[in-house]
Amino acid sequence: MERTRIAVAGASGLIGSALVRSLTADGHEVVRLVRRAPRGAGEVRWDPERGRVDTAGLAGCAAVVNLAGAGVGDRRWSEAYKRRIHDSRVHGTAALARAVAALDERPRVFVNGSAIGIYGETGERAVDEGAPAGRGFLPELCVEWEAAADDARKAGVRTVFTRTGLVVARGGGAWGRLFPLFKAGLGGRMGDGRQYWSYIALHDEVAAIRHLIDRDDLSGPFNLTAPEPLTNREITEAMGRVLHRPTLFAVPAPVLRTVLGEMAGDVLGSARVVPERLLESGFTFAFPGIEDALRAA
């Protein structure tokens, strides 16, 4: 990728901060979208819930990457928090898409974060990007979230949706909570452990996003998951091997439902998602296996 100017929304999050570090290390100029008053030329003000963006700050950007949104797993899903999850993604995406479309010189690409939650429960059936959306809060949210980017697409900007799985990283996301438990010897399977988890190493997540920015022939949805999803039981056993800890504890499904409420359905649900289009595009995973991903984290 030639050195260029790239705007990133959600730059302080797990994926966004890793992406910014990677881009900056390679000499790219990164513009961060922030909700507060900007502190320098490298920041642009926006208010995703209210749909406001300082469009002038995006001028000259070759790419706009939107990874912003309230954390799905940050807290129990009350109706108010579900609304916050929805608005932070859908309204934020729509605002950025309008801003991109309004620019006199539009970016080459608009990369919009999405999630494998769009497929819902897949059981043991492997699904690729051609699979239909599932039913429920997360699938319906993802459909609306991706549709909110239409203004950019209709303006002729190449639009990419990164449907990300569970990111294996030490400092955040699901694994940010799992690692301390397993290191303390308190880790174990969730429910019966037969549900599929589609994961991706943080390094590969960032590399895939950069691959999609760089390739002018790629658009539409891409599953950002490792090539072979594993069951929760298999991942639990791998955690024990890598961390040299027992994995004797199991969290029964009723306990998870009591503690997590509606969100437990997505922890206990099975999502066997494969990155068909990403592999077809020639992308190579650095950490395709779970033990590789865990050691990298």
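Quick check: from the Cα gyration tensor, does region 15-76 come out rounded (a/c under 1.5), prolate or oblate? Please list the in-between numbers first.
Working: a/c = 2.07, a/b = 1.20, b/c = 1.73.
Oblate.
Quick query: amide H of Arg245 versus all other amide H atoms, modeled in the peptide plane; which residues come in under 5 Å with a sequence gap of 5 or more or a different chain?
Excluding prolines and chain starts, which carry no amide H, there are no hits.
Which of the listed residues, Ser12, Leu23, Pro38, is farthest toward the dipole's positive end in region 1-40, when Lys, Arg count +1 and Asp, Glu count -1 at the beta-carbon?
Pro38
What do you get for Rg/Rh of the chain when both radii come from the Cα atoms and Rh is the Kirkwood radius?
That ratio is 0.96, to two decimals.
How large is the accessible surface per residue of the chain, computed with a 1.4 Å probe and reported in Å² as a whole number? Walk me through the numbers on the way to the answer.
Values: 13480 Å² over 297 residues.
Accessible area per residue, the chain: 45 Å².
For Phe285, enumerate residues with amide H under 5 Å from its amide H, sequence gap 5+ or separate chain, H modeled in the peptide plane.
none
Once both labels are modelled 7 Å past Cα along the beta-carbon direction, what's the Lys183-Ala102 spacing in nm?
Label at Lys183, label at Ala102, 4.6 nm between them.
For the chain, which span is the longest to avoid every loop-located (per DSSP) member of GluC sites (Glu not before Pro) having at most 10 other Cβ atoms inside 10 Å? Write out the running numbers ahead of the final one.
Working: sites that count: Glu2, Glu105, Glu124.
Between the exposed loop sites, the longest stretch runs 125-297.
Using alpha carbons only, how many angstrom separate the centre of region 75-106 from the centre of region 211-245?
26
Roughly what % antiparallel, to the nearest 5, for the DSSP beta bridges in the chain?
Antiparallel bridges: around 10 percent, rounded to the nearest 5.
Work through the residues other than Arg277 whose Cβ is under 13 Å from its Cβ and net out their charges, Lys, Arg +1 and Asp, Glu -1.
Once all neighbours under 13 Å are counted, the net charge is -3.
Could you go through region 98-110 in sequence order and give the Karplus-derived ³J(HN,Hα) for each residue, using 6.51 cos²θ - 1.76 cosθ + 1.60 with θ = phi - 60°, rounded to whole Hz, and x for Gly and Pro?
5, 5, 4, 5, 7, 5, 5, 10, 7, x, 5, 8, 10
How large is the dipole of the chain about the Cα centre if only Lys and Arg carry +1 and Asp and Glu carry -1, each at its Cβ, rounded to the nearest 20 debye? The partial results should precede the final answer.
On the way: 39 positive and 36 negative charges, 201 e Å.
The calculation lands at about 960 debye.
Just the number, please: Stokes-Einstein D of region 31-164 in µm²/s, Kirkwood Rh from C-alpha pairs, 25 °C, 0.890 mPa s.
157
The values are calculated or read from the model by the stated rules, or taken from the named source; none is laboratory data. If you're wondering where the values come from, they're calculated on a predicted model, not measured in any experiment. Every residue, glycine among them, receives a Cβ derived from its backbone with ideal geometry; neighbour counts consider all protein chains shown. Accessible surface areas use protein heavy atoms only, side chains included; no ligands, DNA or RNA. Shrake-Rupley method; radii C 1.70, N 1.55, O 1.52, S 1.80 Å.
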